[in-house]
Structures are given as C-alpha cells and as structure tokens.
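Here's the structure, in structure tokens; my notes come after.
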Amino acid sequence: MSGTVTGAERTEPMPTVTSVAPATRAWLAVAALGAGLLHAALAPSAPLPALIVLVAIGAAELTWAAATFARERPPLLQASLYLALLPVALWAAVASAGAATGTGTILALQPLPLAVASGLDLAVAATVAVVLRRRRPARDSGAVRFVLTLLVSAAVVSGVTIPALGLTSAGLSAVSVHLQHSGHH
C-alpha cells in the first residue's frame, strides 16, 4: 500500500509518529552513541578530508544520541532514516573509488571499527524504519522494560564498540600511554 488514498477520494497522508517508546529511544540513542564514538576515534588517523568528515559525522551522531535520550521523539526522525545510512554509503563509495584508483584513502583506516560503526548505523536506520512503518502512538511499557532495554542495548553496543575502539589509533595510543605510566613507584 502506498500510504495515501487516491482516486475519487482526496489524497490524505498517513499519520506521523508523534512519540517513540522510551525503550526504543534508549536503543536508538545507545547505538548512535557507539557509532559516533567510533567515527570520532577514527578521525585522528585519517587523511585531512576524511578527518573532517569523520569528526562531522561523529559529532552529529553523538548530538543526535543525546537528543534522542532527552526527547519523546528523536529529532529529525524521518530524515534520520537516511542520515544514518549516509556514513555507510560514503564509506562504500570512497572505498570503492580508492580500490579502483589504487589510492586507498579510506583503506588506510582500520576496517573493523569502520565496519562496526556502519553496523550500528544500519541498526539505527532499521529501527527508525520499523518505528516509521508502525505509525502508532508509543506505549510506555514501564520502568522495568526501559531499564532492561537500556542494559541490554548498552551491553551489546559496548561489547562491539569497545574492542573496535581498541583498534583505532586513539585506542592504541590509550593503551601505550597506560603502559608507559604503569610500573613501580
């Protein structure tokens, strides 16, 4: 179905989502937070053009995550479906162009952190698509469901994000700094 009534009847748009369930918002925010942290951590080792893009994407994801936690409806909900896919499309296009031309600009970045960030972005886009498709008002499922969703989503996202962060130049630097300062005093 197209979502509108046509023909002899007048065209009416489908209702829009006015709020998102707290448990769903928690998942969206935690996934965007993980992707934003990974994009920001990849920036220092990137060539200047990629650094600028990574910082901008990371900052946007971190800001969107915070706003999603704080509001009943995530900001730019309909647009966020496409905005979450933008980094994935950019990395695919740049990697393809780099592989085809032999420059390998994006290929200089660690692939696992980039893949994990892309996976988190895909999870955000898929969740937003489900929310938009349902088009029904959010139910408050209670504090227990919210806390459980928050705990599970935080565990899942940190379970994939922390190892990926360790593979970035920022993560490797953090380990080497820790090792330099450890010892007997």
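The values are calculated or read from the model by the stated rules, or taken from the named source; none is laboratory data. Here the structure is a predicted model, which is why all the values come from computation and not from measurement. A quick note on method: Cβ atoms are made from the backbone with ideal geometry, for glycine too, and the neighbour counts reach across all protein chains shown. Each accessible area value is taken on the protein alone, full model and side chains, heavy atoms only, with ligands, DNA and RNA left out. Shrake-Rupley method; radii C 1.70, N 1.55, O 1.52, S 1.80 Å.
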note = With +1 on the Cβ of every Lys and Arg and -1 on the Cβ of every Asp and Glu, the dipole magnitude of segment 24-137 about its Cα centre, in debye rounded to the nearest 20, is 560 debye
task = Heavy atoms only, probe 1.4 angstrom, no DNA, RNA or ligands counted: give me 55, 88 ranked by accessible area, highest first.
result = 55, 88
task = Please report how far the C-alpha centroid of segment 21-75 lies from that of segment 126-157, rounded to the nearest whole angstrom.
result = 18 Å
